[in-house]
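Step one of this worksheet: look at the structure below.
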Amino acid sequence: MKNALICTTLAALLLALPIAGQESTAKPPAYFFMLESTVAQDDAGDWADAVALTAKAHAKHPKGNFWAAYSELTGGPDETVHFFFPLNRLGDLDEWQSNRKIINQSIGRDLGRIAISDLELASDSSERILSYSAKLSRPWPDLQAPKYAWVAQVHVADGKMTEYAALAKRVAKAFEESDSEGYWVVYGNAIGGDSSELVYFYGFDRFAEIDDWDARLEALAKSMADGEAERLVAAMEAVSETTTSLWQLEPDLSQFEGE
């Protein structure tokens, strides 16, 4: 969109977890609530200030929510921001209080009125809930919200999800059996969104870590017969299309549990 700041408020992923550097035995959240919004570029600064103020309001409130925000470092001239709201069960949504109520009770109605008004600068919003797939995932050790995430959005051909999932399970199993370097978590659309889409998140804190990751074919070849790895990858690519992007954690727009 010309001269626009695209802000994707994903309720989807790693951001339920502690900030990198904190000790953690956490498992990936079962669900994420996701909201997608678009903000005109001229309004982006005021909108970002309102998000940061909202985070402070939720931090003060006993019923405040937790989330983490990531901005896209790739993908074109427009800026994209992703917000992740963790859910251990869908029933957690029943306990949420309205954002307006939390803001007004935490920072007062006068300041709250300004923040709420600036938050409404976002337009074209949509919502969905993502569901964690343990069988397709290989979470990294000491799971934490990383400073960066390499994100692969996989669109599976109609009627091919069962076939793709079976192949993807073999990939995760092969990495595990060969003890290869490479970890990820996978989420799909549970409510709303495209049911044929899966999102892979590869987290890391330093770009140098990527140098140690095993290429998929390399890792598969360690535990498969000659030619089998190539056939597996080809079969996955035949029923899916993948787009990738690089995201960076934005602490000022986040509200982490325990802060």
Mind pulling the angle between the C-alpha long axis of helix 161-178 and the longest principal axis of the chain? Nearest 10 degrees, somewhere in 0 to 90.
80 degrees
Measuring from the longest principal axis of the C-alpha atoms of the chain, the long axis of helix 228-238 (C-alpha) lies at a number of degrees, nearest 10, equal to 50 degrees
If one takes the longest principal axis of the Cα atoms in the chain, at what angle in degrees, from 0 to 90 and to the nearest 10, does the Cα axis of helix 109-119 lie?
40 degrees
Could you give the length gained on full extension between Asp158 and Glu241, defined as 0.36 nm per residue of separation minus the Cα-Cα distance, in nm?
28.7 nm
What full-extension length gain, to one decimal in nm, is calculated for Leu73 and Leu93 as 0.36 nm per residue of separation minus the Cα-Cα distance?
4.1 nm
Kirkwood hydrodynamic radius of the chain from all distinct Cα pairs, in Å?
19.4 Å
Over the range 132-246, one equal point on each Cα, no solvent: what is log10 I(q)/I(0) by the Debye formula at q = 0.09, 0.16, 0.17 Å⁻¹?
-0.24, -0.77, -0.87
Table column - 3J(HN,Hα) (Hz), the range 210-218, Karplus curve with 6.51, -1.76, 1.60, x for Gly and Pro:
4, 4, 8, 5, 7, 4, 4, 4, 4
Starting from the Cα of Lys160, draw a straight line to each of the aspartates and glutamates and keep only those under 13 Å, dropping any in the same chain fewer than 8 residues away.
Glu197, Glu237, Glu241
Residues whose modelled amide H sits under 5 Å from the amide H of Ile191, counting only those 5 or more places away in sequence or on another chain, are Ile129
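Going through the cross-link list Lys27/Lys63; Lys27/Lys101; Lys56/Lys135, which pairs have a Cα-Cα distance over 28 Å in this structure?
Numbers: Lys27/Lys63 22 Å; Lys27/Lys101 30 Å; Lys56/Lys135 36 Å.
Over 28 Å Cα-Cα: Lys27/Lys101; Lys56/Lys135.
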Stretch gain in nm, segment Glu230-Phe207, where the contour uses 0.36 nm per residue and the Cα spacing is subtracted:
5.6 nm
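Just so you know, all these numbers are worked out from the coordinates, no wet-lab data involved. Here the structure is a predicted model, which is why all the values come from computation and not from measurement.
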